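Scroll down for the structure; my scribbles are underneath it.
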Amino acid sequence: QVQLVESGGGLVQPGGSLRLSCAASGSILSFYDMGWYRQAPGNERALVAGISVSGSTNYANSVKGRFTISRDNANKRLYLQMNSLKPEDTAVYYCNANRGPRIYWGQGTQVTVSS
């Protein structure tokens with residue numbers, strides 16, 4: 001079992017930055033591929049960035065060059081550094097951990113980009 005709790009969301013102006021954190025408890029985090037997803041009203045939940053057990057990363061085209069995903073297995077943390085934020089980045093952001101058929105989600109944190 002893995003429990004995930006996101007933090008770091010909020011209101012930010014266009015062009016600003018935020019750093020999301022995901023604190024994990026339970027199983028050893030290093031065994032899980034992890035990722036950040038987001039869901040805006042009326043849209044499906046979609047992958048923003050992922051990081052594998054080996055540390056390889058992948059990003060949605062819309063955030064490449066602006067967002068950076070990282071993990072700290074020793075402290076059971078996942079991060080998403082978001083720079084040059086745009087209004088279209090507004091969404092609820094969810095932390096995800098997965099290993100085979102086991103998939104876990106956090107409760108989400110709201111990010112609003114508006115002037």
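The values are calculated or read from the model by the stated rules, or taken from the named source; none is laboratory data. These numbers were taken from a predicted model, which means no experiment stands behind them. Cβ atoms come from the backbone with ideal geometry, glycine included; neighbour counts cover every protein chain shown. Accessible surface is based on the protein model in full, side chains and every heavy atom, while ligands, DNA and RNA are left aside. Shrake-Rupley method; radii C 1.70, N 1.55, O 1.52, S 1.80 Å.
Some observations on this one:
- Residues that are more than 23 Å from P87 (Cβ to Cβ), of a type in the set (A, V, I, L, M, F, W, C) and surrounded by 12 or more Cβ atoms within 10 Å (Cβ to Cβ), drawn from segment 13-33: C22, A23, A24, L29, F31
- Single residue of segment 17-33 satisfying the filter (assigned to a loop (DSSP other than H, G, I, E, B) and at pLDDT below 95) that is nearest to N98 (Cα to Cα): Y32
Rundown of residues vs (1) open to solvent by 50 Å² or more (accessible area, probe 1.4 Å); (2) at pLDDT 95 or above; (3) in a strand (DSSP E or B), yes/no style:
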residue	(1), (2), (3)
E44	yes, yes, no
T68	yes, yes, yes
N75	yes, no, no
Q81	yes, yes, yes
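Let's see how each residue does on (1) open to solvent by less than 60 Å² (accessible area, probe 1.4 Å); (2) assigned to a strand (DSSP E or B); (3) more than 18 Å from V113 (Cα to Cα):
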{"residue": "L11", "(1), (2), (3)": "no, yes, no"}
{"residue": "G35", "(1), (2), (3)": "yes, yes, yes"}
{"residue": "P41", "(1), (2), (3)": "no, no, no"}
{"residue": "G55", "(1), (2), (3)": "yes, no, yes"}
{"residue": "S62", "(1), (2), (3)": "no, no, no"}
{"residue": "R71", "(1), (2), (3)": "yes, yes, yes"}
{"residue": "L78", "(1), (2), (3)": "yes, yes, yes"}
{"residue": "Y94", "(1), (2), (3)": "yes, yes, no"}
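- Number of residues in segment 96-111 that are in a loop (DSSP other than H, G, I, E, B) and either at pLDDT below 95 or loosely packed, with under 12 Cβ neighbours inside 10 Å (or both): the value is 3.
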